[in-house]
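Let me begin by presenting the structure, written as structure tokens, before commenting on it.
Please treat every number below as a calculation from the coordinates, not as lab data. Values in this document were obtained by computation on a predicted structure and should not be read as measured data. Glycine also receives a Cβ, built like all others from the backbone with ideal geometry; neighbour counts cover every protein chain displayed.
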Amino acid sequence: MIRSVLVSLTLIITTSAPVAYARGTGDLGLVIERASGSIQIIETTNNSSLGRVEGLGDLSHASAVYSRDEQYAYIFGRDGGLTKVDIIAQKIVKRTLQAGNSIGGAISQDGSLVAVSNYTPGGVKIFDSGTLELVANIPATYGDEKKTSKVIGLVDAPGKKFVFSLWDANEIWVADVSQPAKPQIEKFKNIGRNPYDALISPDGRYYIAGLFGEDGMALLDLWNLNAGVKRILDNYGKGEQKLPVYKMPHLEGWAMAGTYAFVPAVGRHEVLVIDTQTWTEAGRIKVHGQPIFVMARPDGRNIWVNFAIPNNDTLQVIDTQSLEVIKTMQPGKGVLHMEFEPRGEEVWASVRDKDQLVIYDTETFEELKRLPAEKPSGIFSTTRAHKIGL
């Protein structure tokens, strides 16, 4: 009888052993620490840092995308490095130097492929997201002499497609990667001189490339490719007294709110208001400096703006109803990027020159917290895993 009871207790104790804690990923994110080649893993429930992953190479111009389960981040480094990081285990899963100089990347609609756009050599390479094995190489060659172009503005699009622009060739390409080993490429030529960056609208319909070599932008309707590329915003880039362009605006930082897009002007202290139903200018808002990122709170109620040097110590908030600046803050020199928490109640800003992350309440604009970080730049939350073009 006693032996039977002891055996039963042993079984209960053995089978009731604690299960390893499995953390959810929905409130996580990462911060690029550009000078040290590291990323910091953050969480937004308690606004804290969870750890750091080092050894990611040159992150002076880096970006990230996420696997659909939000556990893995793919970091695109300026040195051509593509690094897969497990943000739960806080470790590098695999790293490959796939080019000499790269400028960003994207993950396919189904999460199975990761694409990287390259400066040196030009072109796009596509990898299996699980193994990082190369599955396709798309050289960006053009013209009779088969020159190679830098590739910029790479985004994912519905239908398992990638869309990107060729700086030197003045072209936009749409790559259907339904059969990864045999990408089908549709090319749109003479779209305007030197496309320098691009974005895709949140619904995945419109791809818009900014032009460095001339005024205006190029718009491609991905639902109606037969219509070709349309030129829009002919005055974009113009001004009576152009100011020096210290840094080109990031078009992926466009803010879409209602039927308007809020666009950083090139070389001007203005945010342009664009009617997205007609793709015409609907207004201009005077701001503190040359805007770099113009980002909408998730509910579209406010627009947050940061600026190029020498005004990069400032953040401003624009009300999307009145189209007026309603708040100006100065978190410190080197405000490089912002990222809203999933539902938009708080926003994180990187302040490079203070080695800090600053967190604000987006309703009251109160500064809530500062966290240390090593020369922080881009901030990327896991909610991006479920958004087109991010």
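Measure off 7 Å from each Cα along the Cα-to-Cβ vector at Ala227 and Glu186, then give the distance between these two points in nanometres to one decimal.
1.3
Shape of region 76-130 from its Cα gyration tensor (a ≥ b ≥ c, root eigenvalues): rounded if a/c is under 1.5, otherwise prolate when a/b > b/c, or oblate? Kindly include the intermediate steps, with their values, before the conclusion.
Values: a/c = 2.48, a/b = 1.37, b/c = 1.81.
Oblate.
As a quick test, which of the pairs Lys286/Lys327; Lys327/Lys354; Lys125/Lys182; Lys94/Lys375; Lys147/Lys187; Lys286/Lys375 have an alpha carbon distance above 19 angstrom in this structure? Provide the component values of the computation, followed by the final result.
Details: Lys286/Lys327 13 Å; Lys327/Lys354 22 Å; Lys125/Lys182 13 Å; Lys94/Lys375 24 Å; Lys147/Lys187 16 Å; Lys286/Lys375 29 Å.
Check vs 19 Å cut-off fails for Lys327/Lys354; Lys94/Lys375; Lys286/Lys375.
Mind jotting down the distance between the C-alpha centroids of region 209-231 and region 30-68, whole Å?
Taking the Cα centre of region 209-231 as reference, the centre of region 30-68 is 33 Å away.
Each label point is 7 Å from the Cα along the Cα-to-Cβ direction; what then is the distance between the points at Arg68 and Ile92, in nm?
My value for the distance between the label points is 2.8 nm.
How many angstrom lie between the C-alpha centres of region 297-346 and region 130-195?
Measuring centre to centre over Cα atoms gives 33 Å.
Using the 10 angstrom Cβ neighbour count as an exposure proxy, how do Leu59, Leu251 rank, fewest first? Spell out each step's value before the answer.
Numbers: Leu59 26, Leu251 22.
Sorted ascending by nearby Cβ count, the order is Leu251, Leu59.
Given N residues in region 226-379, what is its alpha carbon radius of gyration divided by 2.2 N^0.38 Å?
Working: Rg = 15.5 Å, N = 154, 2.2 N^0.38 = 14.9 Å.
For region 226-379, the normalised Cα radius of gyration is 1.04.
P(r) of region 174-235 in 10 Å steps, Cα pairs, percent per bin?
With 10 Å bins starting at 0, P(r) equals 21, 49, 25, 4, 0.
Going by a ≥ b ≥ c, the root eigenvalues of the Cα gyration tensor, does region 289-356 fall in the rounded group (a/c under 1.5), the prolate group (a/b larger than b/c) or the oblate group? Could the numbers behind the result be given before it?
Details: a/c = 2.31, a/b = 1.36, b/c = 1.70.
In terms of gyration-tensor shape, oblate.
I'd like the Kirkwood hydrodynamic radius of region 123-187, using the inverse of the mean 1/r over distinct C-alpha pairs, in Å. Intermediate results must be reported in sequence, preceding the final value.
On the way: mean 1/r = 0.0819 Å⁻¹.
Result for region 123-187 stands at 12.2 Å.
Starting from the Cα gyration tensor of region 98-232, multiply each eigenvalue by 5, take the square root, and state the resulting semi-axes largest first in whole Å. Before the final figure, lay out each step's value.
Working: eigenvalues 96, 62, 32 Å².
The equivalent ellipsoid of region 98-232 has semi-axes of 22, 18, 13 Å.
Considering the Cα trace of the chain, what is its radius of gyration and what is Dmax, both in angstroms?
22.6, 97
Only four residue types carry charge here, +1 at the Cβ of Lys and Arg and -1 at the Cβ of Asp and Glu. Report the dipole size of the chain about the Cα centre in Debye, rounded to the nearest 20. It would help to have the intermediate numbers written out before the result.
On the way: 41 positive and 45 negative charges, 148 e Å.
Computed charge dipole of the chain: roughly 720 debye.
Rounded if a/c is under 1.5, else prolate if a/b beats b/c, else oblate: with a ≥ b ≥ c from the C-alpha gyration tensor eigenvalues square-rooted, which is region 27-151?
On the way: a/c = 2.55, a/b = 1.82, b/c = 1.40.
Since a/c reaches 1.5 and a/b is larger than b/c, the shape of region 27-151 is classed as prolate.
In region 48-137, which chymotrypsin sites (Phe, Trp or Tyr not before Pro) are in a loop and have at most 14 other Cβ atoms within 10 Å, using DSSP for the loop call?
Numbers: sites: Tyr66, Tyr72, Tyr74, Phe76, Tyr119, Phe127; in loops: none.
Taking region 48-137 and a limit of 14 other Cβ atoms within 10 Å, no loop chymotrypsin sites (Phe, Trp or Tyr not before Pro) are found.
Pull up the cross-link candidates among the aspartates and glutamates for Lys91, meaning alpha carbon to alpha carbon under 14 Å and not fewer than 8 places away within one chain.
Glu54
Using just the helices of the chain, give the 222 nm mean residue ellipticity in deg cm²/dmol: DSSP H runs with n ≥ 4 each add -39,500 (n - 2.57), and the total is spread over all residues, rounded to 500. Walk me through the intermediate numbers first.
Numbers: 1 runs with 14 residues, N = 390.
Dividing the helical sum by the residues of the chain leaves -1000 deg cm²/dmol.
Relative to the first principal axis of the alpha-carbon coordinates of the chain, what is the inclination of helix 2-15, with its axis defined by its Cα atoms, in degrees from 0 to 90 and to the nearest 10?
10
For region 159-240, which trypsin sites (Lys or Arg not before Pro) pass both filters: DSSP loop (anything but H, G, I, E, B) and at most 15 other C-beta atoms within 10 Å?
Sparse-neighbourhood loop trypsin sites (Lys or Arg not before Pro): Lys189, Arg193, Arg205, Lys238.
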